[in-house]
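The values are calculated or read from the model by the stated rules, or taken from the named source; none is laboratory data. Owing to the predicted nature of the structure, the values given are computational and were not obtained by experimental measurement. Neighbour counts are summed over all protein chains in view; Cβ atoms, including those assigned to glycine, are modelled from backbone coordinates with ideal geometry. Just so you know, the surface numbers come from the protein's heavy atoms only, side chains and all, with ligands and any DNA or RNA stripped out. Shrake-Rupley method; radii C 1.70, N 1.55, O 1.52, S 1.80 Å.
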Amino acid sequence: MTQATPKYRAIFISDVHLGSRGSQAEALCAFLKLNTSAHLYLVGDIIDGWRLKKKWYWPQAHTNAIRRILTAAKRGTDVTYIIGNHDEFLRAFMHFRLNFGDIHVKNRAVHQGEDGKRYLVVHGDMFDGTMRADRKWIMHLGDHAYNVLLWVNTNLNSVRRLFGLPYWSLSAALKKRTKRALNYIHNFEDHVAAYCRRKGYDGAICGHLHVAEMRDIDGITYMNDGDWVESCTALVEHHDGRWELLDCRPDSVRTTVPVVKAAPVGELELA
């Protein structure tokens, strides 16, 4: 029997944070069930080792998400797991050429696009100044504050649903309206673009910021696949070379809606 052609050439997801209460594992399972690909990149922070180290939390939905990924690998999808800062415990095993079944575990990868361009695939924590050894406490403090914000956001949206209102992200609103947050994001993106320019990459695909984005930075294509805690976004490459960001939030998971109009990467609107 001829195997069906996957829906996409490649899918990129990151920041699922399995092991934390904020993880939208059910939405991820639904997305992966409906969307197949020749390549699947897990771009860091898939498992939240920071949360699990403090308190064990692992419901059935999180196991189902892992099973869905393993099933994709078993059925022929080329799955690559990129290590992030929340699952950095895996880096201690890198010299053993760590693999989970058919899943390849790496610090970074290079994706050859259908357009012939070379894209660096990396979580992005290496470009975050707060991840320096002498500043890491700032990142842990920020992580705690973010989890408190998620708790507030969850309860706020429970009330909104009672009134028939759609999902609204408090943290996303703060990121868009806070000058310091915007400067942090833009500095991060500029660092990524500068690194790609020095190393000869045509673009970069990363996560870490929990902010989905597609933009051109002085000739370097910067793409961030967002997260699966609030925005539930995925970056996909179509077989004809088009790139697209998909909004897969629980309220719209059955009707996946593009955040950015699908277009050849050379025609992306500049931010």
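Could you tell me whether A92 is among the aliphatic types (A, V, I, L, M), touching a residue at least 60 places away in the same chain (Cβ under 8 Å) and more than 20 Å from L120 (Cα to Cα)?
Values: among the aliphatic types (A, V, I, L, M): yes; touching a residue at least 60 places away in the same chain (Cβ under 8 Å): no; more than 20 Å from L120 (Cα to Cα): yes.
No, not satisfied.
Could you count how many residues in segment 69-116 are closer than 20 Å to K199 by Cα and out of contact with any His (no Cβ under 9 Å at 6 or more places or on another chain)?
7
So that you can scan it fast, the table gives a plain yes or no per residue for (1) surrounded by 16 or more Cβ atoms within 10 Å (Cβ to Cβ); (2) under 22 Å from N224 (Cβ atoms); (3) of a type in the set (D, E, K, R); (4) without any contact (Cβ under 8 Å) to a residue 12 or more places away in the chain:
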site: G44; (1), (2), (3), (4): yes, yes, no, no
site: L52; (1), (2), (3), (4): yes, no, no, no
site: P59; (1), (2), (3), (4): no, no, no, no
site: D87; (1), (2), (3), (4): yes, yes, yes, no
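The rows are residues; the columns are (1) open to solvent by 60 Å² or more (accessible area, probe 1.4 Å); (2) out of contact with any helix residue (DSSP H, G or I) (no Cβ under 7 Å at 6 or more places or on another chain); (3) in a helix (DSSP H, G or I); (4) at pLDDT 95 or above.
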position	(1), (2), (3), (4)
Y184	yes, yes, yes, no
H210	no, yes, no, no
L245	no, yes, no, yes
D251	yes, yes, yes, no
A271	yes, yes, no, no
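Do you know which of the residues in segment 189-220 that are in contact with a strand residue (DSSP E or B) (Cβ under 7 Å, 6 or more places away or on another chain) and among the small types (G, A, S) is farthest from F12 (Cα to Cα)?
A193
Taking the condition free of Cβ contacts under 8 Å to residues at least 40 places away in the same chain, within 24 Å of R108 (Cα to Cα), open to solvent by less than 10 Å² (accessible area, probe 1.4 Å) and among the β-branched types (V, I, T), does I69 pass?
Numbers: free of Cβ contacts under 8 Å to residues at least 40 places away in the same chain: yes; within 24 Å of R108 (Cα to Cα): yes; open to solvent by less than 10 Å² (accessible area, probe 1.4 Å): yes; among the β-branched types (V, I, T): yes.
Criteria met by I69.
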